[in-house]
Structures are given as structure tokens and as C-alpha cells.
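Structure record follows, encoded as C-alpha cells.
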Amino acid sequence: MKIFATIDATRTAARAARRQGLRVGLVPTMGALHEGHLSLVRAAKAHSDFVVVSIFVNPLQFGPKEDLSKYPRTFEHDRALLEKEGVDLIFAPSEVEMYPGGAVTFVNVDVLSDRLDGQSRPGHFRGVTTVVSKLFRIVEPDKAFFGQKDAAQIAIIKRMVRDLDIPVEIVVCPIVREREGLAMSSRNTYLSPEQRKQALVLSRALKHVQQLFNQGERRAEQLVRAGKHVFAEEPAVRLDYFSIVDPDSLEPVEQAVAGTLVAVAAFVGTTRLIDNVILGG
Ligand code: AMP
């Protein structure tokens with residue numbers, strides 16, 4: 001497994017692989033890897049021949065009051081996990097490698113980037129789309145693998161790829177959860193044992209809404225009300241949003257249908273967690 005910190009070396013290696021007729025797969029991450037990330041790596045292994053995993057805690061997608069400095073960095077552990085999975089290349093650039101002094105060019109997907117997390121985290125998605133479009137230009141992957149866990153991110157990246165004619169296939173992988181239902185996240189390491197229990201309210205509320213939908217409820221207002229009601233059982237958890245939206249436009253719907261996205265964000269202590277479910281799925 002190669003480990004590169006420079007754009008040049010990574011681009012050269014990925015191009016050499018493609019020239020040999022190998023299909024290149026990219027898995028962008030911020031490190032602190034868990035089974036959720038590894039499921040993307042396994043999908044990449046299954047659907048491509050040369051797998052690149054990027055590890056970069058992208059400062060551009062963190063707000064000024066967010067957890068950039070304390071975000072978990074576990075490179076040695078990540079390296080060992082990826083080696084075991086048979087990854088071909090880790091791209092782990094520094095901040096200056098990705099954003100040399102004077103970088104003032106950004107990629108923004110208008111409208112969508114202001115919805116869901118974009119509403120509570122202004123500039124977040126601009127940071128995501130800027131770094132992901134750079135990664136696409138560096139690695140030039142045939143396929144790129146993302147987790148359904150970040151449902152708004154999926155919609156926004158798909159739109160960016162379409163709008164900018166980027167020749168990459170976006171592959172979406174299901175949410176990997178802990179046994180009790182908590183969606184895996186690098187940020188779960190911030191939670192105390194007590195908070196981990198409280199955090200189960202996210203998946204519990206989503207499951208409840210899914211059940212109501214399966215029983216025939218289609219009115220988004222009723223479904224949101226029922227979801228929020230579950231949150232009321234856990235006053236220690238502060239809801240940020242509970243939204244029922246079209247999965248592509250991220251626009252709220254009045255009537256839910258199979259394929260509608262139910263997305264939630266909430267603070268457990270100071271830790272912000274997100275989760276979602278696709279109705280009828
Ligand atoms: P991150 O390191 O948080 O930027 O995540 C990197 C990729 O892993 C993103 O595409 C996430 O959606 C995906 N991911 C994170 N957690 C999970 C999970 N629990 N299940 C599936 N994919 C995940």
C-alpha cells in the first residue's frame with residue numbers, strides 16, 4: 001500500500017493504474033475510521049481494481065466554532081485498517097498541500113447547500129464540494145463511494161457532478177449502525193456512556209416515523225410531529241432539525257412517498273449528530 005502526501009504523486013499513481021486498464025475507486029474520508037468507512041472501502045474493492053482512500057480533515061468544511069482542532073486524528077490506526085482491507089493508495093495531504101496560500105476558488109452548489117445541515121452550518125457544504133471536486137481532479141476516479149449517513153452531502157455531490165460534467169459515478173453505501181441503532185460516526189468518540197444511550201433517540205425517532213409510514217401515514221406534518229414527539233422523551237438531546245424532504249432537491253415535501261428522505265440532526269451535549277432514513281426502503 002502506497003501512502004502519499006502530495007497531489008503530484010497521487011495523480012501520477014492513479015493515472016498509471018488507469019493506463020494499465022484498472023478501474024480507479026475513490027473513498028474520501030476525514031480519517032478516524034470505523035466500520036462505516038470500511039464498508040465504503042469494501043464496496044470500492046468490489047467495484048474497482050485500484051482503491052484510493054483519502055484522509056484529510058478539511059478545515060474548509062468546519063465553522064469557526066466547530067470541532068476542527070479536536071476532531072479525532074488516528075492515522076496509524078487508520079493506516080493499519082486500510083492495509084488489512086487491501087487498499088492500494090492512501091492520499092493524506094497536509095492543509096497547505098490542499099490549500100496553498102492564496103487559494104480563493106471554491107465550488108458551491110447553490111440552493112441545496114443552504115438546506116438541512118447547510119442551514120445550521122453555513123459554508124459547510126461549500127467546503128465539502130470544494131474539497132471533493134479537488135479530490136476528483138487529483139485522483140480522476142471512475143467511481144467514488146459515499147455513505148448514505150450524509151444524505152444531504154450525497155444529493156449535493158450528485159448535483160455538482162451533473163452540473164460540472166465530472167466523469168465519475170457516485171456510489172452510495174448504506175448506513176452502518178451500532179447494534180443498538182446508533183449510526184456510526186467518528187464523532188461518537190466524543191460521547192460519554194450516558195450520552196451514547198441518549199443518542200439512541202435519533203435512530204429511535206426515525207424508526208418510529210418509518211413504522212408510521214409503513215402503516216399508511218403519508219402527511220409529512222404528522223410524521224414530523226410524531227418524530228419530534230419521540231425526541232421529547234429525551235430532553236437532554238437538543239433537536240437541530242427533523243425534516244422530511246425530497247432526497248434529490250432536499251426540499252420539504254407535504255406528502256411522503258416511498259423514497260422520501262427523513263433527516264435529523266441533534267446535539268447530545270456539545271456533539272452534533274446526524275442520521276436519516278429513506279421511507280419505504
Ligand atoms: P467522514 O470521514 O465523516 O467525512 O466520512 C467519510 C465517508 O464515510 C462519507 O461518505 C460518510 O457518509 C461515510 N460514512 C460515515 N459514517 C458512516 C456510516 N455510519 N455508515 C456509512 N457510511 C458512513
Consider only pairs whose beta carbons are under 9 Å apart and that are at least six residues apart or on different chains; among these, list those whose first residue lies in segment 137-158 and is without any contact (Cβ under 8 Å) to a residue 12 or more places away in the chain and whose second residue is in a loop (DSSP other than H, G, I, E, B). ARG137/ILE166
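Go through SER113, SER120 for me and flag whichever is over 25 Å from THR10 (Cβ atoms) and either in contact with a helix residue (DSSP H, G or I) (Cβ under 9 Å, 6 or more places away or on another chain) or of a type in the set (Phe, Trp, Tyr) (or both). Before you say what the answer is, go through the steps one by one.
Details: SER120 fails: either in contact with a helix residue (DSSP H, G or I) (Cβ under 9 Å, 6 or more places away or on another chain) or of a type in the set (Phe, Trp, Tyr) (or both).
None of the other options fit; the residue is SER113.
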Within segment 27-43, the residues that are within 15 Å of LEU135 (Cβ to Cβ) and out of contact with any Gly (no Cβ under 9 Å at 6 or more places or on another chain) are VAL27, PRO28, THR29, MET30, GLY31
Would you mind finding the one in GLY147, GLY216, GLY127, GLY181 that is within 12 Å of the ligand (Cβ to nearest atom) and at positive phi? GLY181
Could you count how many residues in segment 1-46 are among the basic types (Lys, Arg) and either exposed (fewer than 14 other Cβ atoms within 10 Å of the Cβ) or over 15 Å from VAL87 (Cβ atoms) (or both)? 5
Restricting to segment 150-178, and then to whatever is near the ligand (Cβ under 10 Å from one of its atoms) and assigned to a loop (DSSP other than H, G, I, E, B), can you tell me which residue is nearest to PRO28 (Cα to Cα)? ASP150
Just to be sure, is ALA144 under 14 Å from LEU273 (Cα atoms) and under 19 Å from the mean Cα position of the chain (by Cα)? no
I need the full set of residues from segment 256-273 which are of a type outside the set (Lys, Arg), assigned to a strand (DSSP E or B) and in contact with a strand residue (DSSP E or B) (Cβ under 7 Å, 6 or more places away or on another chain), in order please. LEU261, VAL262, ALA263, VAL264, ALA265, ALA266, PHE267, VAL268, LEU273
Determine which member of the set LYS158, LYS143 is over 18 Å from GLU251 (Cβ atoms) and among the basic types (Lys, Arg). LYS143
Within segment 189-207, does at least one residue satisfy the condition of being surrounded by fewer than 16 Cβ atoms within 10 Å (Cβ to Cβ), within 14 Å of the ligand (Cβ to nearest atom) and over 26 Å from LEU22 (Cα atoms)? yes
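Looking at PHE136, is it closer than 26 Å to VAL107 by Cα and either within 12 Å of the ligand (Cβ to nearest atom) or touching a Gly at 6+ places or on another chain (Cβ under 9 Å) (or both)?
Values: closer than 26 Å to VAL107 by Cα: yes; either within 12 Å of the ligand (Cβ to nearest atom) or touching a Gly at 6+ places or on another chain (Cβ under 9 Å) (or both): no.
In short, no.
Bear in mind that the values in this text are calculations on the coordinates, not laboratory data. Treat the numbers as computed from the prediction; the structure is a model and nothing was measured. Note that each Cβ is placed from the backbone with ideal geometry, even for glycine, and that neighbours are counted across all protein chains shown.
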